[in-house]
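Trainee: Have a look at this one before I ask anything.
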Amino acid sequence: MKLPSESELLRIFIGEADKFEGRPLYEAIVNLARQKGMAGATVLRGLMGFGADSRMHSAKILRLSEDLPIVIEIVDAPEKIEAFLPNLDIMIKEGMVTLESIKVIAYRYNSNG
């Protein structure tokens, strides 16, 4: 797959406990991105953060099962990102979605396994 040098970075901020149709929301978003043929997605788990409700989320030793922050990053061509956005509007009840123009320097994989 060829990725244009002038691409976009879609960044989605949600909570670890957020769900969509009974599954973790981050998992549902990444699986949908893969089904839609997006160039790639990464899920990052935060150690600490807060959102619009100002409630602090933290990975303290005694609270490992708390609702930690999750960031999903998806990079692709602007038209593919634009086509993906309506799905997020349906799936995300709480959170934030940002979009940045980026320059892709390299996008490769080793097909030799």
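Trainee: Order of 70, 92, 105, 29 from fewest to most other C-beta atoms within 10 Å? Could the numbers behind the result be given before it?
Mentor: Working: 70 23, 92 17, 105 6, 29 26.
If I rank by nearby Cβ atoms, fewest first, I get 105, 92, 70, 29.
Trainee: If the reach is capped at under 23 angstrom between alpha carbons, list the lysines near residue 2, excluding any in the same chain fewer than eight residues apart.
Mentor: Straight-line reach from residue 2, under 23 Å: 36, 80, 103.
Trainee: Something else: Less than 18 Å apart at the alpha-carbon level, and either on another chain or at least 8 residues along: which lysines does that give for residue 19?
Mentor: Answer for residue 19, where 18 Å is the Cα cut-off: 93, listed by chain and number.
Trainee: Using only Cα atoms, tell me the angle between helix 78-91 and the longest principal axis of the chain; keep it within 0 to 90° and round to the nearest 10.
Mentor: The angle comes out at about 30 degrees.
Trainee: Quickly work out the residue 36-to-residue 107 label distance, labels modelled 7 Å from Cα along the C-beta direction, and quote it in nm with one decimal.
Mentor: My value for the distance between the label points is 1.4 nm.
Trainee: Quick check on the chain: helices-only [θ] at 222 nm, where DSSP H runs of length 4 and up contribute -39,500 (n - 2.57) each and the sum goes over total residues. Nearest 500, please.
Mentor: Numbers: 2 runs with 25 residues, N = 113.
Value at 222 nm, helices only: -7000 deg cm²/dmol.
Trainee: So, in nm, how far is label residue 43 from label residue 19 when the simple model puts each one 7 Å beyond its Cα toward the Cβ?
Mentor: 1.5
Only the coordinates and a few stated rules stand behind these numbers; no lab work does. Bear in mind the structure is a predicted one, so any value in this text is a computation, not a measurement. Don't worry about glycine lacking a Cβ; one is built from the backbone with ideal geometry, like all the others, and counts go over all protein chains shown.
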